[in-house]
1. Residues of the stretch 140-191 being among the aliphatic types (A, V, I, L, M) and either open to solvent by 60 Å² or more (accessible area, probe 1.4 Å) or more than 10 Å from the ligand (Cβ to nearest atom) (or both), which ones?
2. Of Ser173, Ser133, which residue is in contact with a helix residue (DSSP H, G or I) (Cβ under 6 Å, 6 or more places away or on another chain), in a helix (DSSP H, G or I), among the small types (Gly, Ala, Ser) and within 21 Å of Arg23 (Cα to Cα)?
3. Tell me, yes or no, whether the stretch 3-14 has at least one residue that is open to solvent by less than 30 Å² (accessible area, probe 1.4 Å), away from the ligand (no atom under 16 Å from the Cβ), of a type in the set (Ser, Thr, Tyr) and in a loop (DSSP other than H, G, I, E, B).
4. Give the stretch 272-299 a look and list any residue that's open to solvent by less than 60 Å² (accessible area, probe 1.4 Å) and touching a Cys at 6+ places or on another chain (Cβ under 7 Å), or say none.
5. Please verify whether Val19 is open to solvent by 10 Å² or more (accessible area, probe 1.4 Å) and over 14 Å from Ala103 (Cα atoms), treating the condition exactly as stated.
6. For the stretch 193-204, give me each residue that is more than 13 Å from the ligand (Cβ to nearest atom) and either open to solvent by less than 40 Å² (accessible area, probe 1.4 Å) or among the aromatic types (Phe, Trp, Tyr) (or both).
7. Evaluate the following for Ser92: is it near the ligand (Cβ under 10 Å from one of its atoms), under 16 Å from the mean Cα position of the chain (by Cα), among the polar types (S, T, N, Q) and under 18 Å from Gly14 (Cβ atoms)?
8. Across the stretch 115-135, what is the total count of residues that are touching a residue at least 60 places away in the same chain (Cβ under 8 Å) and polar (S, T, N, Q)?
Amino acid sequence: MVKYSAPGKVFLFGEHAVVYGKRAIACAIDLRTTVEITSSRQGVRIQSAFKDEPDKNQYIKVALKKFQRFASVDGINISVSSKIPVASGLGSSAAVTIATIAALNDEFQTNLSLEEIAAMGHQTELEVQGAASPTDTFVSTMGGTVIVPDKKKLPPITCGVVVGYTGISKSTSRMVSRVRTLKERYPEIIDGIMDCIGNMSTRGEELVAKNDYKSIGELMNVNQGLLDAIGVSIPELSVQVNAARSCGAYGAKITGAGGGGCMVALCEPDKCREIATAIGKSCGDSFITKPTAEGVRRE
Ligand code: PMV
(Lines give C-alpha, C1' and ligand atoms only; values in the text may rest on other atoms or scores of the structure.)
Protein backbone atom coordinates (compact mmCIF):
# COMPACT_ATOMS: atom_id res chain seq x y z
CA MET A 1 0.00 0.00 0.00
CA VAL A 2 1.24 3.50 -0.79
CA LYS A 3 -0.38 6.80 0.05
CA TYR A 4 0.55 10.18 -1.42
CA SER A 5 -0.90 13.64 -1.00
CA ALA A 6 -0.51 16.80 -3.09
CA PRO A 7 -1.56 20.38 -2.30
CA GLY A 8 -3.96 22.85 -3.90
CA LYS A 9 -2.88 26.36 -4.81
CA VAL A 10 -3.84 29.99 -5.24
CA PHE A 11 -2.75 32.29 -8.04
CA LEU A 12 -1.18 35.57 -6.90
CA PHE A 13 -0.93 36.75 -10.50
CA GLY A 14 -1.34 35.57 -14.04
CA GLU A 15 -4.29 33.22 -14.54
CA HIS A 16 -5.57 33.26 -18.14
CA ALA A 17 -2.50 35.21 -19.34
CA VAL A 18 -0.39 32.12 -18.55
CA VAL A 19 -2.39 30.18 -21.16
CA TYR A 20 -0.75 32.48 -23.76
CA GLY A 21 2.77 31.96 -22.41
CA LYS A 22 2.77 34.97 -20.06
CA ARG A 23 4.15 34.66 -16.56
CA ALA A 24 2.10 33.62 -13.52
CA ILE A 25 2.91 33.26 -9.82
CA ALA A 26 1.14 30.61 -7.75
CA CYS A 27 1.49 29.46 -4.18
CA ALA A 28 0.72 26.00 -2.75
CA ILE A 29 -1.72 25.99 0.18
CA ASP A 30 -2.22 23.56 3.02
CA LEU A 31 -5.34 21.87 1.62
CA ARG A 32 -4.41 18.48 0.20
CA THR A 33 -5.80 15.61 -1.85
CA THR A 34 -4.72 12.12 -0.80
CA VAL A 35 -4.49 9.07 -3.07
CA GLU A 36 -4.00 5.58 -1.71
CA ILE A 37 -3.06 2.64 -3.92
CA THR A 38 -3.41 -0.97 -2.86
CA SER A 39 -2.95 -4.03 -5.01
CA SER A 40 -6.03 -5.99 -6.01
CA ARG A 41 -6.97 -9.06 -8.01
CA GLN A 42 -9.93 -7.36 -9.62
CA GLY A 43 -8.51 -5.03 -12.25
CA VAL A 44 -8.33 -1.28 -11.73
CA ARG A 45 -10.90 0.22 -9.36
CA ILE A 46 -11.29 3.86 -8.43
CA GLN A 47 -13.04 4.98 -5.26
CA SER A 48 -13.18 8.71 -5.38
CA ALA A 49 -14.17 11.36 -2.90
CA PHE A 50 -15.33 13.44 -5.85
CA LYS A 51 -18.65 11.62 -6.14
CA ASP A 52 -20.51 14.75 -7.09
CA GLU A 53 -18.11 15.31 -9.95
CA PRO A 54 -17.58 12.06 -11.84
CA ASP A 55 -15.37 13.92 -14.33
CA LYS A 56 -12.69 14.07 -11.68
CA ASN A 57 -12.10 10.34 -12.19
CA GLN A 58 -11.19 11.22 -15.74
CA TYR A 59 -7.94 12.75 -14.45
CA ILE A 60 -7.09 9.51 -12.66
CA LYS A 61 -7.92 7.40 -15.71
CA VAL A 62 -5.86 9.53 -18.10
CA ALA A 63 -2.93 9.71 -15.62
CA LEU A 64 -3.06 5.93 -15.38
CA LYS A 65 -3.03 5.61 -19.17
CA LYS A 66 0.04 7.88 -19.42
CA PHE A 67 1.78 5.99 -16.61
CA GLN A 68 1.22 2.67 -18.43
CA ARG A 69 4.08 3.67 -20.74
CA PHE A 70 6.43 3.06 -17.81
CA ALA A 71 4.89 0.02 -16.11
CA SER A 72 2.05 -2.32 -16.76
CA VAL A 73 -0.68 -1.64 -14.25
CA ASP A 74 -3.32 -4.26 -13.69
CA GLY A 75 -5.00 -4.94 -10.42
CA ILE A 76 -4.98 -1.89 -8.17
CA ASN A 77 -7.47 -0.06 -6.00
CA ILE A 78 -7.14 3.70 -6.10
CA SER A 79 -8.87 5.54 -3.33
CA VAL A 80 -9.08 9.32 -3.13
CA SER A 81 -9.94 11.71 -0.33
CA SER A 82 -9.71 15.48 -0.55
CA LYS A 83 -9.95 18.67 1.48
CA ILE A 84 -9.88 20.85 -1.65
CA PRO A 85 -13.29 22.07 -2.87
CA VAL A 86 -13.82 20.90 -6.47
CA ALA A 87 -14.18 23.23 -9.46
CA SER A 88 -13.20 26.14 -7.24
CA GLY A 89 -9.94 27.43 -8.73
CA LEU A 90 -7.90 25.85 -5.93
CA GLY A 91 -6.29 23.18 -8.10
CA SER A 92 -8.16 20.03 -7.05
CA SER A 93 -7.70 18.44 -10.51
CA ALA A 94 -3.94 18.95 -10.44
CA ALA A 95 -3.66 17.68 -6.86
CA VAL A 96 -5.50 14.42 -7.59
CA THR A 97 -3.49 13.94 -10.81
CA ILE A 98 -0.12 14.54 -9.17
CA ALA A 99 -0.85 12.45 -6.07
CA THR A 100 -2.00 9.59 -8.35
CA ILE A 101 1.13 9.67 -10.52
CA ALA A 102 3.45 9.91 -7.48
CA ALA A 103 1.69 6.97 -5.81
CA LEU A 104 1.93 4.87 -9.01
CA ASN A 105 5.60 5.84 -9.34
CA ASP A 106 6.29 4.50 -5.85
CA GLU A 107 4.09 1.39 -6.10
CA PHE A 108 5.65 0.33 -9.42
CA GLN A 109 9.19 1.58 -8.63
CA THR A 110 9.46 3.57 -11.84
CA ASN A 111 11.83 6.26 -10.45
CA LEU A 112 10.20 9.20 -12.20
CA SER A 113 11.71 12.51 -11.02
CA LEU A 114 9.53 15.30 -9.64
CA GLU A 115 9.96 17.16 -12.95
CA GLU A 116 8.74 14.08 -14.85
CA ILE A 117 5.77 13.69 -12.50
CA ALA A 118 4.86 17.38 -13.02
CA ALA A 119 5.20 17.02 -16.81
CA MET A 120 3.03 13.87 -16.90
CA GLY A 121 0.49 15.69 -14.74
CA HIS A 122 0.43 18.61 -17.17
CA GLN A 123 -0.04 16.27 -20.15
CA THR A 124 -2.92 14.64 -18.26
CA GLU A 125 -4.64 17.99 -17.62
CA LEU A 126 -4.13 18.95 -21.27
CA GLU A 127 -5.76 15.75 -22.46
CA VAL A 128 -8.72 16.03 -20.07
CA GLN A 129 -9.35 19.77 -20.33
CA GLY A 130 -8.15 20.55 -23.84
CA ALA A 131 -6.26 23.61 -22.51
CA ALA A 132 -4.12 23.87 -19.40
CA SER A 133 -1.01 25.75 -18.40
CA PRO A 134 1.65 23.89 -16.37
CA THR A 135 0.95 26.11 -13.33
CA ASP A 136 -1.32 23.90 -11.22
CA THR A 137 0.52 20.64 -11.80
CA PHE A 138 3.95 22.25 -11.25
CA VAL A 139 3.04 23.98 -7.99
CA SER A 140 1.19 20.92 -6.70
CA THR A 141 4.31 18.80 -7.34
CA MET A 142 6.92 21.22 -6.01
CA GLY A 143 4.99 23.12 -3.31
CA GLY A 144 5.99 26.63 -2.19
CA THR A 145 5.71 29.71 -4.39
CA VAL A 146 6.52 29.26 -8.06
CA ILE A 147 6.73 31.32 -11.21
CA VAL A 148 5.82 29.78 -14.57
CA PRO A 149 6.64 29.21 -17.39
CA ASP A 150 10.11 29.72 -15.84
CA LYS A 151 9.30 26.84 -13.44
CA LYS A 152 11.33 28.47 -10.73
CA LYS A 153 10.76 28.43 -6.97
CA LEU A 154 10.46 31.79 -5.26
CA PRO A 155 10.84 32.55 -1.53
CA PRO A 156 7.83 31.55 0.63
CA ILE A 157 4.84 33.83 1.20
CA THR A 158 4.74 34.65 4.90
CA CYS A 159 1.70 36.94 5.23
CA GLY A 160 -1.89 35.88 5.99
CA VAL A 161 -3.89 34.21 3.21
CA VAL A 162 -7.70 34.14 3.21
CA VAL A 163 -9.82 32.39 0.59
CA GLY A 164 -13.41 33.25 -0.27
CA TYR A 165 -15.48 30.51 -1.91
CA THR A 166 -18.59 31.57 -3.82
CA GLY A 167 -19.96 28.02 -3.80
CA ILE A 168 -20.59 28.44 -7.53
CA SER A 169 -18.78 25.76 -9.48
CA LYS A 170 -17.06 26.83 -12.67
CA SER A 171 -15.56 25.13 -15.67
CA THR A 172 -11.97 26.07 -16.41
CA SER A 173 -12.19 24.98 -20.04
CA ARG A 174 -15.34 27.04 -20.61
CA MET A 175 -13.77 30.17 -19.09
CA VAL A 176 -10.54 29.67 -21.07
CA SER A 177 -12.51 29.34 -24.28
CA ARG A 178 -14.59 32.46 -23.53
CA VAL A 179 -11.43 34.47 -23.02
CA ARG A 180 -9.95 33.02 -26.22
CA THR A 181 -13.03 34.13 -28.18
CA LEU A 182 -12.72 37.67 -26.78
CA LYS A 183 -9.00 37.70 -27.59
CA GLU A 184 -9.64 36.56 -31.16
CA ARG A 185 -12.29 39.23 -31.64
CA TYR A 186 -10.24 42.11 -30.20
CA PRO A 187 -6.59 41.03 -30.41
CA GLU A 188 -5.24 44.59 -30.45
CA ILE A 189 -6.91 45.20 -27.07
CA ILE A 190 -6.85 41.87 -25.24
CA ASP A 191 -3.23 41.04 -26.21
CA GLY A 192 -2.18 44.20 -24.37
CA ILE A 193 -4.12 43.10 -21.26
CA MET A 194 -2.38 39.72 -21.32
CA ASP A 195 1.04 41.41 -21.66
CA CYS A 196 0.18 43.67 -18.75
CA ILE A 197 -0.84 40.72 -16.53
CA GLY A 198 2.41 38.94 -17.43
CA ASN A 199 4.38 42.07 -16.48
CA MET A 200 2.69 42.03 -13.08
CA SER A 201 4.10 38.57 -12.44
CA THR A 202 7.57 39.76 -13.46
CA ARG A 203 7.29 42.66 -11.01
CA GLY A 204 5.65 40.31 -8.49
CA GLU A 205 8.73 38.07 -8.52
CA GLU A 206 10.87 40.98 -7.21
CA LEU A 207 8.23 41.90 -4.64
CA VAL A 208 7.93 38.33 -3.34
CA ALA A 209 11.73 38.26 -2.89
CA LYS A 210 11.44 41.43 -0.77
CA ASN A 211 8.35 40.24 1.19
CA ASP A 212 6.71 43.48 0.07
CA TYR A 213 3.11 42.36 0.59
CA LYS A 214 1.70 45.88 0.46
CA SER A 215 2.88 46.29 -3.15
CA ILE A 216 1.96 42.70 -4.03
CA GLY A 217 -1.57 43.44 -2.78
CA GLU A 218 -1.71 46.67 -4.77
CA LEU A 219 -0.80 44.79 -7.95
CA MET A 220 -3.25 41.97 -7.14
CA ASN A 221 -5.96 44.65 -7.13
CA VAL A 222 -4.79 45.83 -10.56
CA ASN A 223 -4.79 42.20 -11.76
CA GLN A 224 -8.38 41.84 -10.52
CA GLY A 225 -9.38 44.88 -12.58
CA LEU A 226 -7.96 43.24 -15.69
CA LEU A 227 -9.62 39.89 -14.92
CA ASP A 228 -12.87 41.82 -14.65
CA ALA A 229 -12.09 43.48 -17.99
CA ILE A 230 -11.74 40.11 -19.73
CA GLY A 231 -15.07 38.99 -18.31
CA VAL A 232 -14.14 36.31 -15.79
CA SER A 233 -15.38 37.98 -12.61
CA ILE A 234 -18.95 37.56 -11.40
CA PRO A 235 -20.86 39.75 -8.93
CA GLU A 236 -20.36 37.27 -6.06
CA LEU A 237 -16.57 37.35 -6.54
CA SER A 238 -16.56 41.16 -6.73
CA VAL A 239 -18.57 41.38 -3.50
CA GLN A 240 -16.10 39.10 -1.70
CA VAL A 241 -13.09 40.97 -3.12
CA ASN A 242 -14.54 44.30 -1.96
CA ALA A 243 -15.35 42.92 1.50
CA ALA A 244 -11.73 41.79 1.93
CA ARG A 245 -10.37 45.14 0.77
CA SER A 246 -12.72 47.13 3.03
CA CYS A 247 -11.39 45.16 5.97
CA GLY A 248 -7.81 46.14 5.23
CA ALA A 249 -6.47 43.29 3.08
CA TYR A 250 -3.26 44.16 1.22
CA GLY A 251 -5.07 43.09 -1.94
CA ALA A 252 -7.71 40.67 -3.22
CA LYS A 253 -8.53 39.01 -6.52
CA ILE A 254 -10.03 35.96 -8.17
CA THR A 255 -7.86 32.85 -8.05
CA GLY A 256 -8.11 30.53 -11.04
CA ALA A 257 -10.41 30.61 -14.00
CA GLY A 258 -13.19 32.76 -12.47
CA GLY A 259 -16.87 32.52 -13.46
CA GLY A 260 -17.43 31.17 -9.92
CA GLY A 261 -14.99 29.41 -7.64
CA CYS A 262 -12.76 31.38 -5.30
CA MET A 263 -11.01 34.65 -4.56
CA VAL A 264 -7.86 35.14 -2.51
CA ALA A 265 -6.83 37.95 -0.19
CA LEU A 266 -3.40 38.63 1.32
CA CYS A 267 -3.27 40.39 4.66
CA GLU A 268 -1.38 40.88 7.90
CA PRO A 269 -1.58 37.55 9.78
CA ASP A 270 -3.56 39.03 12.68
CA LYS A 271 -6.23 40.38 10.30
CA CYS A 272 -7.07 36.96 8.81
CA ARG A 273 -10.01 36.23 11.07
CA GLU A 274 -11.66 39.63 10.62
CA ILE A 275 -11.25 39.45 6.83
CA ALA A 276 -12.54 35.86 6.67
CA THR A 277 -15.62 36.91 8.67
CA ALA A 278 -16.25 39.91 6.41
CA ILE A 279 -15.98 37.78 3.26
CA GLY A 280 -18.29 35.12 4.72
CA LYS A 281 -20.87 37.75 5.66
CA SER A 282 -20.72 39.32 2.20
CA CYS A 283 -21.57 36.09 0.36
CA GLY A 284 -20.56 32.43 0.17
CA ASP A 285 -17.97 30.94 2.48
CA SER A 286 -14.45 31.77 3.55
CA PHE A 287 -11.50 30.15 5.25
CA ILE A 288 -8.03 31.04 6.43
CA THR A 289 -5.30 29.03 4.79
CA LYS A 290 -1.53 28.82 4.94
CA PRO A 291 1.04 28.68 2.19
CA THR A 292 2.92 25.40 2.28
CA ALA A 293 6.46 24.60 1.17
CA GLU A 294 5.58 20.95 0.73
CA GLY A 295 4.54 19.66 -2.65
CA VAL A 296 3.62 16.05 -3.33
CA ARG A 297 4.65 13.80 -0.43
CA ARG A 298 4.39 10.28 0.85
CA GLU A 299 1.96 9.95 3.76
O1 PMV B 1 -9.39 27.49 -11.96
P2 PMV B 1 -8.15 26.67 -12.14
O3 PMV B 1 -7.50 26.30 -10.85
O4 PMV B 1 -8.40 25.49 -13.04
O5 PMV B 1 -7.07 27.61 -12.87
C6 PMV B 1 -7.24 27.99 -14.20
C7 PMV B 1 -6.17 28.95 -14.58
C8 PMV B 1 -6.14 29.31 -16.07
O9 PMV B 1 -5.02 30.18 -16.25
C10 PMV B 1 -7.41 30.06 -16.47
C11 PMV B 1 -5.97 28.08 -16.95
C12 PMV B 1 -4.64 27.40 -16.77
O13 PMV B 1 -4.56 26.23 -17.16
O14 PMV B 1 -3.66 28.02 -16.30
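1. Result: Met142, Val146, Ile147, Leu154, Ile157, Val161, Val162, Val163, Ile168, Leu182, Ile189, Ile190.
2. On the way: Ser133 fails: in a helix (DSSP H, G or I).
Selected residue: Ser173, the only one of Ser173, Ser133 that is in contact with a helix residue (DSSP H, G or I) (Cβ under 6 Å, 6 or more places away or on another chain), in a helix (DSSP H, G or I), among the small types (Gly, Ala, Ser) and within 21 Å of Arg23 (Cα to Cα).
3. no
4. So in the stretch 272-299, the residues open to solvent by less than 60 Å² (accessible area, probe 1.4 Å) come out as 272, 275-276, 278-280, 282-284, 286-287, 289, 291-292, 295-296.
Those that are open to solvent by less than 60 Å² (accessible area, probe 1.4 Å) and touching a Cys at 6+ places or on another chain (Cβ under 7 Å): Ile275, Ala278, Pro291.
5. Numbers: open to solvent by 10 Å² or more (accessible area, probe 1.4 Å): yes; over 14 Å from Ala103 (Cα atoms): yes.
Yes, satisfied.
6. Taking the stretch 193-204 as the starting set, the residues that turn out to be more than 13 Å from the ligand (Cβ to nearest atom) are 193, 195-196, 199-200, 202-204.
Passing the criteria: Ile193, Met200, Gly204.
7. Spelling it out, it is not the case that Ser92 is near the ligand (Cβ under 10 Å from one of its atoms), under 16 Å from the mean Cα position of the chain (by Cα), among the polar types (S, T, N, Q) and under 18 Å from Gly14 (Cβ atoms).
8. So the answer is 3.
The values are calculated or read from the model by the stated rules, or taken from the named source; none is laboratory data. What you see is a predicted model, and the numbers here were worked out from it, not measured in a lab. Note that each Cβ is placed from the backbone with ideal geometry, even for glycine, and that neighbours are counted across all protein chains shown. Side chains are part of the model used for accessible areas, which takes the heavy atoms of the whole protein and leaves out ligands, DNA and RNA. Shrake-Rupley method; radii C 1.70, N 1.55, O 1.52, S 1.80 Å.
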